[in-house]
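Quick notes on the structure that follows.
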Amino acid sequence: QVQLVESGGGLVQAGGSLRLSCAATGIISRVNVMGWYRQAPGKQRELVAAITRSGRTNYADSVNGRLTISRDNAKNTVYLQMNSLKPEDTAVYYCKAEVSFAGDYWGQGTQVTVSS
């Protein structure tokens, strides 16, 4: 199994920045893609950004250029640097890990609130 613990959410004004972290423990050698998703009230959970073990990234069009995903395999941690935040970025942000032969694991979520 894999356990994911997120941190770094909070309240920020529009235009500000936050950095989310997601630390993985457990069978980390089998963790392949890690990603950040978000879910706003009344909306479906959506992909924000994902990164493979080798560092290949994928972003949602709505965040491209403002949010950056990175990964430190030595620390088993994935980060989401969020700059130029907008009120529409307000959501609960979840970390996900895709684990070989075990499926997907999710973190508990961290709230990000951007005030206008």
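What to note about this one:
- Out of S17, S54, S84, one residue alone is of a type in the set (S, T, N, Q) and modelled with pLDDT under 95. It is S54.
- Hits in region 9-29 - residues which are β-branched (V, I, T) and either outside any strand (DSSP E or B) or loosely packed, with under 12 Cβ neighbours inside 10 Å (or both): T25, I27, I28
- Residue in region 30-43 that is most open to solvent (accessible area, probe 1.4 Å), counting only those that are aliphatic (A, V, I, L, M) and touching a residue at least 60 places away in the same chain (Cβ under 8 Å): V33
- Per-region count, region 100-116, residues out of contact with any Cys (no Cβ under 7 Å at 6 or more places or on another chain), under 21 Å from L11 (Cα atoms), in a loop (DSSP other than H, G, I, E, B) and open to solvent by less than 50 Å² (accessible area, probe 1.4 Å): 1
- A60 in contact with an Asp or Glu (Cβ under 7 Å, 6 or more places away or on another chain) and surrounded by fewer than 20 Cβ atoms within 10 Å (Cβ to Cβ): yes
- Residue selected from region 65-99 under the condition among the small types (G, A, S) and open to solvent by less than 50 Å² (accessible area, probe 1.4 Å), by the criterion nearest to G109 (Cα to Cα): A91
- The C-beta contact set for region 1-24 (first residue free of Cβ contacts under 8 Å to residues at least 60 places away in the same chain, second residue in a loop (DSSP other than H, G, I, E, B) and among the basic types (K, R), distance under 8 angstrom, 6+ apart or interchain) comprises A23/K75.
The values are calculated or read from the model by the stated rules, or taken from the named source; none is laboratory data. Please read these numbers as outputs of a predicted model, since none were measured by experiment. Cβ atoms come from the backbone with ideal geometry, glycine included; neighbour counts cover every protein chain shown. For the accessible areas, the whole protein counts, side chains as well, though only heavy atoms, and no ligand, DNA or RNA atoms are used. Shrake-Rupley method; radii C 1.70, N 1.55, O 1.52, S 1.80 Å.
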